[in-house]
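Undergrad: Please read through the structure below; I'll follow up with questions.
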Amino acid sequence: KEIMYWNSKDMSVFIEQKEFVDTAVIPLLLIDGQASKLKQNASSAEFLMALTAFIENQFKGRVILMPPVSYTTKTSRQQLGQEWDEMLKEAGFKHLFFVSSDMGWVNEESALNVIYTPSIPLENMDRKLRQSVLDDQLRQIIPVFAKRWASIS
């Protein structure tokens, strides 16, 4: 089975199978305009996109990978999260998993469930090492998903 993305074909599947496909995974990407931060932001984005696609692949049939949400250092994290939370719940998702490498979300007083994962630069890794790194990260995230699914079911 293919990864479920935010596209018309996969949304048709979601609408038909809402009782099974009940979870949205949303990568949160910080874009900092400082020249010194651009490469780090791009590296973090690459890592998060690979990790969230890997998460979706592991939970096929239950999870849809949403398009990444990009924001700046001036964005109100609370407002951003609240808007996405309300919109996705209105669309019928029971569970929302926001994933970010931005420590700012850890400190944010928010009802949002943001899974923080430190960014690991993947650009110079061979395929095997990259897969191993993603496996390790997924092993740390699976219990978070399981706990939240159990508590909100």
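Undergrad: Checking residue 23 against (1) closer than 25 Å to residue 90 by Cβ; (2) surrounded by fewer than 18 Cβ atoms within 10 Å (Cβ to Cβ): exactly one of these is not met. Which one?
TA: (2)
Undergrad: Since residue 12 meets every condition but one in (1) part of a loop (DSSP other than H, G, I, E, B); (2) modelled with pLDDT of 70 or more; (3) open to solvent by 20 Å² or more (accessible area, probe 1.4 Å); (4) more than 26 Å from residue 102 (Cβ to Cβ), which condition does it not meet?
TA: Result: residue 12 passes all but (1).
Undergrad: Six or more apart or on different chains, Cβ under 6 Å: which pairs go from a residue in region 17-33 that's in a loop (DSSP other than H, G, I, E, B) to one that's buried (at least 18 other Cβ atoms within 10 Å of the Cβ) and modelled with pLDDT of 80 or more? Could you list them?
TA: Sorted first by the residue in region 17-33, then by its partner, the pairs are 22/95; 32/41.
Undergrad: Would you call residue 23 touching a His at 6+ places or on another chain (Cβ under 9 Å) and more than 18 Å from residue 137 (Cα to Cα)?
TA: Criteria met by residue 23.
Okay, residues lined up against (1) at pLDDT below 90; (2) under 29 Å from residue 34 (Cβ atoms):
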| site | (1), (2) |
| --- | --- |
| 71 | no, yes |
| 77 | yes, yes |
| 83 | no, yes |
| 86 | no, no |
| 112 | yes, yes |
| 123 | yes, yes |
| 136 | no, no |
| 140 | no, no |
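The values are calculated or read from the model by the stated rules, or taken from the named source; none is laboratory data. It should be emphasised that the depicted structure is a prediction, and the values quoted were computed from it without experimental measurement. Cβ: placed from backbone, ideal geometry, glycine included. Neighbour counts: every protein chain shown. Accessible surface areas use protein heavy atoms only, side chains included; no ligands, DNA or RNA. Shrake-Rupley method; radii C 1.70, N 1.55, O 1.52, S 1.80 Å.
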